[in-house]
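Read through the structure below, which is laid out as structure tokens, and then see the notes.
The values are calculated or read from the model by the stated rules, or taken from the named source; none is laboratory data. In this text, all values refer to a predicted model and were calculated from it rather than measured experimentally. Ideal geometry is used to build each Cβ from the backbone, glycine not excepted, and the neighbour counts take in all protein chains shown. Heads up: the accessible areas ignore ligands, DNA and RNA and are worked out on the full protein's heavy atoms, side chains in. Shrake-Rupley method; radii C 1.70, N 1.55, O 1.52, S 1.80 Å.
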Amino acid sequence: MHERTTAAKRDCWFSVTGNFVFTKKVLSWQRKLSSLESRPRLSRETLVAICNRRR
């Protein structure tokens, strides 16, 4: 039982940290892109495509 709770805590920590890092990356890309060209904000699909391309 104890191991299950620690695993859950670890997974939660990973997802929170991962989301935070991912968000920071996306925001920095958006800043770079918006400074390059003043097109409308990127859609979520475009951001996902960019992320997948860079992997």
For this session: Report yes if Ser28 is of a type in the set (Gly, Ala, Ser) and modelled with pLDDT of 85 or more, otherwise no.
Result: yes
For this session: Output the qualifying pairs, or none if there are none: Cβ atoms under 7 angstrom, residues six or more apart or on different chains, first residue in the stretch 1-27 and in a helix (DSSP H, G or I), second residue open to solvent by less than 90 Å² (accessible area, probe 1.4 Å) and of a type outside the set (Gly, Ala, Ser).
Result: Val26/Leu47
